[in-house]
Amino acid sequence: MIKILLILTFFISFNNIAHSIDLPKYYKFPENYLKGKHYESTKNFFIVATEKIKDTRFKKTVVVMLDHDNKGALGIVINKPLATVKLGSLIKRLEDKNIKEDLLNYKVPIYWGGPLDNNKILIIHTKDYENKNTKNYGKFSISNDYKALLDIVKKKGPTKSLVIIGVSAWTVGQLEGEIDKGHWNLSEITQDTLFHEKNKKKHIMATKNSFVRL
């Protein structure tokens, strides 16, 4: 498990990450990458790493795909725990001077969502919770403000949730090229897999339900 000494956190704006339009404007991608042709979107699916994947950071990962079109793809890894940290490390107390000390000391598990925007937070959660900064995706929702974190700590938040730092993104044709080479398979999104307590089992479960589009 990776130890985090200090986390300077800002919540990600959906204006920047909730769509895959012009991703190169936001992120720097490698010049040499496997490039394929876009046929179908992987949005609203898991992509599951196979043994053929070359990038060791994504070994045995399960990625929930938020968007994918002919200009790029965006997703979040959901089975790579980073550490358990105090809530006070994740939010700025100046945003709400009334936050009680015991809440700031509450320990929250956090996950690695990908190599980009890795000083920023998203919260993937069940659809039984919503605030003004919540965006709904088929079988789950995402919130991106410190109020959602506080509600989770106060037991007023969603039934199940994952606090994620960072995102994963692919530029034009990059994900398609990786899929063509057999680095990823698709799998149906289920809440059982998404929020399973045993992170290592998520890859096993998603792999069992995976398929290759023809």
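Remarks
- Taking other C-beta atoms within 10 Å as the exposure proxy, Lys54, Lys139 rank Lys54, Lys139 from fewest upward.
- Farthest toward positive dipole pole in the range 32-189 [+1 Lys/Arg, -1 Asp/Glu at C-beta], among Ile152, Ser187, Asn131: Ile152
- In order along the range 50-62, the Karplus-derived 3J(HN,Hα) couplings, from 6.51 cos²θ - 1.76 cosθ + 1.60 at θ = phi - 60°, round to 9, 5, 7, 5, 8, 7, 5, 5, 9, 4, 6, 8, 10 Hz, and Gly and Pro are given as x.
- Highest-fluctuation residue, Asn144, Asn131, Asn98 considered, GNM on the chain with Cα pairs under 10 Å: Asn98
- Helix axis angle, 199-208 relative to the chain longest principal axis, alpha carbon, degrees: 30 degrees
- Among Val153, Val167, Val62: highest mean-square fluctuation, GNM of the chain, C-alpha pairs under 10 Å: Val153
- The chain, relative contact order [Cα under 8 Å, separation at least 6], %: 28 percent
- Structure-derived log10 I(q)/I(0) by the Debye sum over Cα atoms at q = 0.07, 0.18, 0.19 Å⁻¹: which label, when the choices are (1) -0.22, -1.51, -1.63; (2) -0.28, -1.30, -1.42; (3) -0.21, -1.34, -1.47: (3)
- Exposure proxy order (Cβ contacts within 10 Å, fewest to most) of Phe58, Phe46, Phe211: Phe211, Phe58, Phe46
- Sorted by Cβ neighbour density within 10 Å, fewest at the top, the residues Val63, Val212: Val212, Val63
Coordinate-derived values only; no laboratory data. Source: prediction; values computed, not measured. Reconstructed Cβ throughout: ideal geometry from the backbone, glycine too, with neighbour counts over all protein chains shown.
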